[in-house]
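> The structure under discussion is supplied below as structure tokens; questions concerning it will follow.
Here, each number is a calculation from the coordinates, and none is a lab measurement. Predicted, not measured: the structure shown is a model, and the values here were computed from it. Every residue, glycine among them, receives a Cβ derived from its backbone with ideal geometry; neighbour counts consider all protein chains shown.
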């Protein structure tokens, strides 16, 4: 027996339960049952520090993988991935200060990548020329731009887990986009479009803070949006992202929202395929005369 009558195994379990590791496994299991191909502790290169780091969960939706085996092959390849950080706190509440969001935010600018963006070196975006269907982001009336972590029982210095989690997601997304960019650049005749959802799953107290005339109103929430940005060395500019902040209890419903989004996105590209192919050919031929983007269907 160890101190205070607790076994070594009991002590280990108690310490593990204070971390986000069990939450990561629970979230992964839920995702696999919902049709995701899940990779845990996925490594990536931190472009700021030149170090290899890990993200908690990187997952590919099964409908993305299906495009590699279906016949005929789709002429427009649509990638739909999700990146998740899992956090738990019994000592601190997470507070997000929101404002009216204005226009529907949709994906952050650097959560999508398309063939035209790659071949024009970022000067054009094919997705800017099409009207995507409204996604789950449109359901929110407010969006957070800043946040705080407050100790529940007494005063203390603020923790930085929100910053660390959101920064990890942004850095991983930047890394993944660069990998996709290189792959797209080598396939000028293909139409590839990528979307990445970013989320933090939090096991703890989650609040929205509404401020008006110097007064603060707290409302316990299970799902909010956080708008963040970081300076990217690779792009030599600012990269912008929208991150879903989701409670552990709300996560199954969040997966349903993302599932609906993916089905809407795929239906949009499938039902408008011929029109979009024509638009794509016009844009690509202007950039690279002699290249036709419909080769994948041959």
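> Calculate the length of the line joining the C-alpha centroid of region 106-121 to that of region 195-236, in whole Å.
About 23 Å separates the Cα centre of region 106-121 from the one of region 195-236.
> With a Förster radius of 30 Å, plug the Cβ-Cβ distance of residue 153 and residue 99 into 1/(1 + (r/R0)^6) and report the FRET value to the nearest 0.05.
Calculated transfer efficiency: 0.50.
> Then there is this: Can you tell me the relative contact order of region 184-281? Whole percent, Cα pairs under 8 Å, sequence separation 6 or more.
Once divided by the residue count of region 184-281, the mean separation gives 24 percent.
> Okay, moving on. What distance in nm separates the simple spin-label points at residue 60 and residue 231, each placed 7 Å from Cα in the Cβ direction?
Output for this residue pair reads 3.5 nm.
> As a test of the formula, what do you get for the chain when each DSSP H run with n ≥ 4 contributes -39,500 (n - 2.57) and the sum is divided by the residue count, at 222 nm and rounded to the nearest 500 deg cm²/dmol?
Taken over the chain, the calculation gives -10000 deg cm²/dmol.
> Ok, one more. Take every DSSP beta bridge whose two residues both sit in region 90-215, then give the antiparallel share in percent to the nearest 5.
75 percent
> What number, in percent, do you get for the relative contact order of region 34-297 if the mean sequence gap of Cα pairs under 8 Å and at least 6 apart is divided by its residue count?
Over region 34-297, the number comes to 25 percent.
> Using a Förster distance of 51 angstrom, determine the FRET efficiency expected from the C-beta separation of residue 53 and residue 212, and round it to 0.05.
Once rounded, the FRET efficiency stands at 0.80.
> Simple spin-label model, 7 Å along Cα-to-Cβ: residue 240 to residue 70 in nm?
3.2 nm
> Which order do the peptides 109-115, 139-145, 84-90, 72-78 come out in when sorted by mean C-beta neighbours inside 10 angstrom, highest first?
Final packing ranking: 109-115, 84-90, 72-78, 139-145.
> Subtracting the Cα-Cα distance from 0.36 nm times the residue separation, let me have the gained length for residue 141 to residue 163 in nm, one decimal.
5.6 nm
> Report the paramagnetic label zone for residue 26: residues of region 186-230 whose backbone N is under 13 Å from a point 7 Å from Cα along the Cα-to-Cβ axis.
Counting only backbone N, you get 201-205.
> Tell me which label goes with the value of mean projected area of the Cα convex hull in nm² computed from the coordinates here: [x] 19.0; [y] 17.5; [z] 19.7.
Correct label is [x].
> Still on this model: Where both residues lie in the chain, what percent of DSSP beta bridges are antiparallel, nearest 5?
65 percent
> What fraction of the DSSP beta bridges in region 222-262 is antiparallel, stated in percent and rounded to the nearest 5?
Percent antiparallel among DSSP bridges in region 222-262 is about 100.
> Once both labels are modelled 7 Å past Cα along the beta-carbon direction, what's the residue 287-residue 46 spacing in nm?
Using points 7 Å along Cα→Cβ, the separation is 3.2 nm.
> Do you know the relative contact order of region 135-256, to the nearest whole percent, from alpha carbon pairs under 8 angstrom that are 6+ apart?
Dividing the mean separation by the residue count of region 135-256 yields 26 percent.
> Here is a follow-up. Using alpha carbon centroids, what distance separates region 131-149 and region 52-99, in Å?
17 Å
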